[in-house]
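No value in this document is a laboratory result; all are computed from the given coordinates. Worth saying up front: this structure is predicted, and the values here are computed from it rather than measured. Reconstructed Cβ throughout: ideal geometry from the backbone, glycine too, with neighbour counts over all protein chains shown.
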Amino acid sequence: MIKTKKTGRYANIIPMAELNTKEKRLNPFPIYDQLRQSTPVRYDESRSCWDVFRYEDVHRILKDPATFSSKRGMDIRKRENILIMDPPRHTQMRGLVNKAFTPKVVADLAPHITSITNALLDAVLDHGKMDIVSDLAVPLPVIVIAELLGVPTEDRQLFKEWSDILVKGPDENTEEAFNQVVAENAQASEELSAYFARIVEQRRSEPKDDLISLLLAAEIEGQKLNDEEVIAFSILLLAAGNETTTNLIANAVRRLTEDQALQRQLKENPDLIPSFIEEVLRFYPPVQAIGRVATRDVEIGGMQIKAGDQVISWVASANRDEAKFKDPGSFVVDRKPNPHLAFGFGIHFCLGAPLARLEGQIALRTILERLQDIQFVTGSELSYIQSPFVYGVKQYPITFQA
Ligand code: HEM
């Protein structure tokens with residue numbers, strides 16, 4: 001865990017000064033476009049970190065873990081998990097769960113994910129209106145990951161509250177805002193640990209067919225994981241899978257309401273849904289930026305980065321880089337190829353990507369099958385998720401014909 005030298009704060013949880021209004025937080029993309037042109041690689045004094053905006057540079061950073069380490073600690077998020085490990089430990093730990101998340105294994109979950117989606121829609125169908133975030137996009141991924149882990153889905157309100165806090169950042173660059181987030185985060189982490197400690201204890205004495213039991217049985221070079229490691233892994237899976245997939249689904253529905261012709265096109269041709277989801281990931285990526293720490297002095301985009309410096313790679317900007325994507329500001333439903341970086345790249349490439357894609361595709365397919373004429377409730381207040389790296393809206397009310 002690296003504290004920045006100058007301020008003692010953790011740079012990558014502080015919002016960029018350029019994103020200083022609600023409108024810009026809801027639509028940061030024009031700012032990224034400007035920064036990519038004016039300062040593609042720049043040192044931000046106020047946050048004490050480098051920001052990198054071009055596709056080529058972001059790609060280079062993500063594919064070179066020896067020079068750009070993940071071992072920064074998720075800043076204030078202290079517990080060791082694979083997201084913040086480097087090889088060789090990263091390779092060993094990731095190997096334990098890789099098999100549980102392959103596209104083939106995940107595809108078997110499709111009927112069940114469809115039935116959860118249908119049940120969630122059944123509950124609101126008669127009303128002619130719903131909040132896509134709280135009625136579908138939040139509960140669907142939480143239920144799926146809770147079932148995979150083997151924790152009670154009835155506790156999902158608790159998971160939601162905890163994972164909201166884990167991705168939260170201060171809304172302004174002040175000591176007070178910062179300290180408050182650190183304190184809230186520490187408390188949520190403690191509560192989550194205590195929660196999972198109980199489940200781990202139960203599974204030790206009575207293993208089941210779930211991921212926590214799988215982790216408890218797993219061995220690396222003849223050695224089992226200790227409780228702390230299993231707890232850290234479980235918390236990562238719960239938090240990483242929730243906030244992100246929720247925003248993928250909500251951002252996808254947002255897109256449908258922003259473009260009625262697109263909505264009709266997808267309804268008539270559902271085979272376009274997988275490439276539509278990829279384009280949503282490029283256009284509105286749920287994770288905007290990925291942090292690393294330089295392990296040696298290195299040059300990027302003509303700038304001299306020093307060993308120990310924090311480097312923030314803006315995938316949301318890379319995804320709209322005109323040097324990589326034709327007409328990047330346009331939403332092209334069947335864009336091919338679409339080498340977006342929404343799931344990262346290289347050894348830390350999102351473990352849950354097959355699951356997130358499947359959930360996103362099923363949610364959209366079911367919505368388009370069952371709801372007609374989906375419209376955003378104009379005039380509704382939108383608020384953004386207060387997080388330095390997660391992008392999405394807290395509510396998104398829609399009307400429809402069933
Ligand atoms: C890693 C995004 C869904 C579990 C990552 C990374 C990104 C990402 C950008 C790379 C971070 C880095 O390089 O430092 C997303 C997005 C999702 C999503 C946009 C939804 C649309 C999920 C789901 C799960 C999951 C559903 C679990 C069930 C993980 C894990 C890692 C990870 C465990 C760490 C992998 C490693 O360090 O080797 N995700 N994720 N994610 N994601 Fe996801």
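Label ASP227 and GLU381 with points 7 Å out from Cα along Cα→Cβ: what is the distance between them in nm?
4.4 nm
List residues of region 290-334, by number, whose backbone nitrogen lies under 14 Å from a label position 7 Å along Cα→C-beta of ALA261.
So the set is 330-334.
Can you sort THR366, THR21, THR174, THR114 so the residue with the fewest Cβ neighbours within 10 Å comes first?
THR21, THR174, THR114, THR366
Report the relative contact order of region 11-401, percent, no decimals, based on alpha-carbon pairs under 8 angstrom and at least 6 residues apart.
Here the relative contact order equals 28 percent.
In terms of modelled amide H atoms, which long-range or inter-chain residues lie less than 5 Å from the amide H of VAL287?
Amide H neighbours of VAL287, under 5 Å, 5+ apart: TYR391.
How about LYS267: which aspartates and glutamates have a C-alpha closer than 16 Å to its C-alpha, ignoring those fewer than 8 places off in the same chain?
Result set, ordered by chain and number: GLU258, ASP259, ASP334, GLU369, ASP373.
Per-residue ellipticity at 222 nm for the chain, helices alone: DSSP H runs ≥ 4 residues times -39500 (n - 2.57), over residue total, nearest 500 deg cm²/dmol?
-14500 deg cm²/dmol, from helical runs alone.
Once each part is reduced to its C-alpha centroid, what is the distance from region 247-263 to region 377-397 in angstrom?
When both Cα centres are located, 14 Å separates them.
Tell me the label-point distance for the pair LYS208, ALA402, using the 7 Å Cα-to-Cβ offset, in nm and rounded to one decimal.
3.2 nm
Taking R0 as 41 Å, what's the FRET efficiency between GLU191 and GLU268 from their Cβ-Cβ distance, rounded to 0.05?
0.30
Among rounded, prolate and oblate, which fits region 118-206 when a ≥ b ≥ c are the square roots of the eigenvalues of its C-alpha gyration tensor, a/c under 1.5 means rounded, and a/b larger than b/c means prolate?
oblate
Given a Förster distance of 30 Å, report the FRET efficiency between ALA119 and LYS71 from their Cβ-Cβ distance, rounded to the nearest 0.05.
E between ALA119 and LYS71, to the nearest 0.05, is 0.10.
Loop only by DSSP, 14 or fewer other Cβ within 10 Å of the Cβ. Give me the GluC sites (Glu not before Pro) in region 209-305 that pass, ordered by residue number.
GLU221
How large is ³J(HN,Hα) for each residue in region 125-135, as worked out from phi by the Karplus curve 6.51 cos²θ - 1.76 cosθ + 1.60 (θ = phi - 60°), to whole Hz, x for Gly and Pro?
Going residue by residue, I get 4, 5, 7, x, 8, 7, 9, 4, 6, 6, 8 Hz, with x marking Gly and Pro.
Quick check on the exposure proxy: order VAL280, VAL200, VAL52, VAL287 from fewest to most C-beta atoms within 10 angstrom.
Ranking VAL280, VAL200, VAL52, VAL287 by Cβ neighbours within 10 Å, fewest first, gives VAL200, VAL287, VAL280, VAL52.
Let me check against my output: what whole-number percent is the relative contact order of region 353-402, with C-alpha pairs under 8 Å and at least 6 apart?
39 percent
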